[in-house]
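Here's the structure we're looking at; comments come further down.
The values are calculated or read from the model by the stated rules, or taken from the named source; none is laboratory data. Predicted, not measured: the structure shown is a model, and the values here were computed from it. Cβ placement follows ideal geometry from the backbone for every residue including glycine, while neighbour counts extend to all protein chains displayed.
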Amino acid sequence: MPGVSAPLPGKWDDKGDARIAAFAHYDEAHRPADDVLTEQEIAEVERWPLSDAQRTVLHWAEHAELREYDDGFWALDCVPDRWDVNKRVARARVTGLWAAGLLDVHLDSSGRRLVKSQKGRRVARLLGRAERQGVAEAAAKDAKLTPLPKRSGGYPLLSEGRYFKGEQQPADDASPAEPTAVPAPAQAAPPAAAAVRADQPLLRRLFAPRTALEQRPAHDIRTVIRRPQRVLTDEERERVRDTALLNLQGALIMGITDPVPNPSPMPEEAGAWVREHVWPEHFQKIERKYPHGFARWSMCERGTCWNCLSGRCDLCVHRQKGGPDVDDNRDWVRNQEGRFIAPLILRPGGESCVWWCRCACPKDGPTPARPAPKEAPAPADPPATPAPAPAPAATPVRAPEEGALQATLW
Ligand SMILES: [Zn+2]
Ligand SMILES: [Zn+2]
């Protein structure tokens, strides 16, 4: 319960079980102490006859991650004892809660995130108490909520190419007045867009229940996995620019110009130490030639494909391939001189490790528009290196002129 914490005797293997135990304990020991609702509060409860599903959305907005993508709303990683479970959320349910002021939209580097507003938190707490005290149960059907006057204009859906005031609009989109030719949600083929939350707590990754493996869909590599993009710092951009052309091409093809390290139990300095002192010298030679190293990156850590980096999402390599690059699940055990002595099967269960280009562009469905040809720069202007934009990857890399990185690369 908010603000109260008490250790419970016992041991649970599973977060879900622990949660049930906690609730049972609460029921037994603390429920009577829950402030009894006042008449006023009961009247307020009546005004929010939220269904179970609506309450769940509010819960996700706080305890998981509720996000909007081009193909709709998703609750990411929303099952406490399983990981990477993402659920599509009915559009009207989210927009209704938003219009009524229970949810707010936050814009961050990965796009739109919906969070509980202050009012949303208060209403959720109130409904929780009402339910515990047996005053009101969840309604069978979604409540039709009255929109706040300032939100009565409706929610600007991404799927309709609409934007919030002040929201960065991808440069290749049509003006907001003219809703771009977006696919009707109905025809948007099976939601290829499960997403993975960016800040997955490390411990959950490492110590997910063993059964999590079985619970994952049977290695469905076709599901687009959305991973956060790396924002290159000025120093890193400098390093990319200084990379020898051949290696730069290699890095671009492999998506390691902007790779994102997975969470690791080993701190970065320790990793650097291992590379320096344990890895054979010839590894380090290759390592130094690439802007962010070479052999240290696994398939799922690769970044944005080179076409998307240059603003050509219509040619995104994984759109063209119709799927991600898949790791061959094999590495090598080496002796002290760095020679192969045995193959190593990395994931005995055969789970796939894949690279989905991290660009936010849709990887299937209608092809995004080709960017308009750039106007030739005035010849008087010598190739002045464009001032590095602070964060090229923070916004979807759709705009061709986005960030100095792309400009310098091509
Ligand atoms: Zn793209
Ligand atoms: Zn791409």
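Hey, any hits in the range 105-116 for a residue that's under 30 Å from A29 (Cα atoms), assigned by TED's automatic domain parsing to the domain that holds F73 and in contact with a helix residue (DSSP H, G or I) (Cβ under 6 Å, 6 or more places away or on another chain)?
Scanning the range 105-116 turns up at least one residue that is under 30 Å from A29 (Cα atoms), assigned by TED's automatic domain parsing to the domain that holds F73 and in contact with a helix residue (DSSP H, G or I) (Cβ under 6 Å, 6 or more places away or on another chain).
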For A360, are the conditions met, namely being closer than 29 Å to G72 by Cα and at pLDDT below 85?
no
Of the criteria (1) crowded, with 16+ Cβ neighbours inside 10 Å; (2) within 21 Å of T146 (Cβ to Cβ), which one R125 fails
(1)
At least 3 residues that are within 20 Å of T223 (Cα to Cα) in each: list the helices (runs of 4 or more DSSP H) lying fully within the range 256-344 that qualify.
317-321
Restricting the range 310-343 to residues that are surrounded by 13 or more Cβ atoms within 10 Å (Cβ to Cβ) and hydrophobic (A, V, I, L, M, F, W, C), the one farthest from ligand 1 (Cβ to nearest atom) turns out to be V326
Please indicate, with yes or no, whether at least one residue in the range 280-300 is away from ligand 1 (no atom under 16 Å from the Cβ), in contact (Cβ under 8 Å) with a residue 60 or more places away in the chain, closer than 17 Å to C359 by Cβ and surrounded by 15 or more Cβ atoms within 10 Å (Cβ to Cβ).
yes
Note on N307: of the conditions (1) within 20 Å of I225 (Cβ to Cβ); (2) more than 16 Å from ligand 1 (Cβ to nearest atom); (3) of a type outside the set (A, V, I, L, M, F, W, C), unmet is (2)
Taking the range 107-129 only, how many residues are at pLDDT 90 or above and within 20 Å of P228 (Cβ to Cβ)?
4
Against the definition (surrounded by 16 or more Cβ atoms within 10 Å (Cβ to Cβ) and closer than 16 Å to G128 by Cβ), how does W48 come out, yes or no?
yes
Among V274, V278, which is the only one that is under 22 Å from C300 (Cα atoms) and hydrophobic (A, V, I, L, M, F, W, C)?
V274
Residues satisfying the stated conditions in the range 229-278, i.e. within 21 Å of C316 (Cα to Cα) and touching a strand residue (DSSP E or B) at 6+ places or on another chain (Cβ under 7 Å):
V240, A251, G255, T257
How about the range 247-285: which of its residues are β-branched (V, I, T) and at pLDDT 90 or above?
I253, I256, T257, V260, V274
Could you tell me which numbered condition V240 fails, if it satisfies all but one of (1) at pLDDT 90 or above; (2) in contact with a Pro (Cβ under 9 Å, 6 or more places away or on another chain); (3) under 30 Å from G72 (Cα atoms)?
(3)
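Restricting to the range 292-309, give me the number of residues that are more than 10 Å from ligand 2 (Cβ to nearest atom), within 22 Å of the chain's Cα centre (by Cα) and not acidic (D, E). Walk me through how you get there before you give the answer.
Restricting attention to the range 292-309, the residues satisfying the condition of being more than 10 Å from ligand 2 (Cβ to nearest atom) are 292-302.
Add one more test, that the residue is within 22 Å of the chain's Cα centre (by Cα), and what stays is 297-302.
Among the residues that remain, those that are also not acidic (D, E) are: 297-300, 302.
Final tally of qualifying residues: 5.
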Is it the case that R347 is within 16 Å of ligand 2 (Cβ to nearest atom), basic (K, R) and either farther than 22 Å from E235 by Cα or at pLDDT below 95 (or both)?
no
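Can you find, within the range 350-373, the residue that is farthest from the chain's Cα centre (by Cα) among those that are away from ligand 2 (no atom under 16 Å from the Cβ) and in the same structural domain as E301 (by TED's automatic domain parsing)? Give the derivation first.
Looking only at the range 350-373, we keep the residues that are away from ligand 2 (no atom under 16 Å from the Cβ), and these are 350-353, 372-373.
When the remaining residues are screened for being in the same structural domain as E301 (by TED's automatic domain parsing), the result is 350-353.
Values: G350: 24, E351: 20, S352: 19, C353: 17 Å.
Looking at residues that are away from ligand 2 (no atom under 16 Å from the Cβ) and in the same structural domain as E301 (by TED's automatic domain parsing), I get G350.
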Looking at the range 345-369, I want the residues that are under 17 Å from D325 (Cα atoms) and have a partner that is more than 14 Å from ligand 1 (Cβ to nearest atom) and of a type in the set (D, E) with Cβ atoms under 6 Å, at least 6 apart or on another chain. Which pairs are those?
L346/D331; C353/D327; W355/D325
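Applying the selection to the range 262-291, what residues are over 27 Å from the mean Cα position of the chain (by Cα) and polar (S, T, N, Q)? Please lay out each step first, then the result.
Taking the range 262-291 first, the residues over 27 Å from the mean Cα position of the chain (by Cα) are 270, 272-289.
Q284 - this is the single residue of the range 262-291 that is over 27 Å from the mean Cα position of the chain (by Cα) and polar (S, T, N, Q).
Quick check on P390: is it within 14 Å of ligand 2 (Cβ to nearest atom), under 23 Å from V260 (Cα atoms) and modelled with pLDDT under 85? Step through it out loud before you land on a result.
On the way: within 14 Å of ligand 2 (Cβ to nearest atom): no; under 23 Å from V260 (Cα atoms): yes; modelled with pLDDT under 85: yes.
The answer is no for P390.
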